[in-house]
Each structure stands twice: as C-alpha cells, then as structure tokens.
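A.B. asks: Below you will find the structure I want to go over with you.
All of the numbers you see were taken from the coordinates with simple rules; none came from a lab. Every value quoted in this text rests on a predicted model; they were computed, and no experiment measured them. With ideal geometry, Cβ positions are generated from the backbone for all residues, glycine too; neighbour counts draw on all protein chains shown.
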Amino acid sequence: MHLVIDANVLIAELLRQRGRELISSPSLSLHASDKILNEASYELKQRLERLVAKDDLLPKLERFC
C-alpha cells in the first residue's frame, strides 16, 4: 500500500502504538516531501521535550510498550 502523508498525521501516528506498528509495516510505503519530514521531525522533538518537561513521558512510553 502506498500512502502520502502530511506532518500532522505522521506526528499523531508516531505518538500512538498502533500508528507506529502501522508505519513500520513492510507492506506500507510512506511518501512525504523533505519539507514534511523536516516539519514532522521538528514538531515531534518539541512535543517530546514538553512531555519530558511535564514529567509525563514515562507514563506515555509505558503505554507504548
């Protein structure tokens, strides 16, 4: 399956266990421009820093494991 994504969708799915499972599926081919990947990388870093600052990262990571 081929899927074209934008930054918001990519970030949302990377923050969900099911989304990460889908993204890592070998049957899925993701397509995004360099601009989208850079935006997603920047935004994901910002969100993770906020979770760490709020000391809320471990409970979220435990849900992913």
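A.B. asks: Would you work out the charge dipole size for the range 2-64 about its Cα centre, treating the Cβ of every Lys and Arg as +1 and the Cβ of every Asp and Glu as -1, and quote it to the nearest 20 debye?
C.D. replies: Working: 10 positive and 10 negative charges, 31 e Å.
About 140 debye.
A.B. asks: Peptides 26-32, 4-10: what's the order by average Cβ count within 10 Å, highest mean first? List each step's numbers first, then the result.
C.D. replies: Values: 26-32: 10.6, 4-10: 15.6.
Packing order, densest peptide first, comes out as 4-10, 26-32.
A.B. asks: How large is log10 I(q)/I(0) at q = 0.19, 0.23, 0.25 Å⁻¹ when the Debye formula is applied to the Cα atoms of the range 2-64, each weighted equally and without solvent?
C.D. replies: Values, matching the q order: -0.76, -1.00, -1.10.
A.B. asks: Please name whichever of Ala12, Leu51, Pro26 sits farthest to the positive end of the charge dipole of the range 1-60, dipole taken about the Cα centre and charges placed at Cβ: Lys and Arg +1, Asp and Glu -1.
C.D. replies: Working it through, the farthest residue towards the positive pole turns out to be Leu51.
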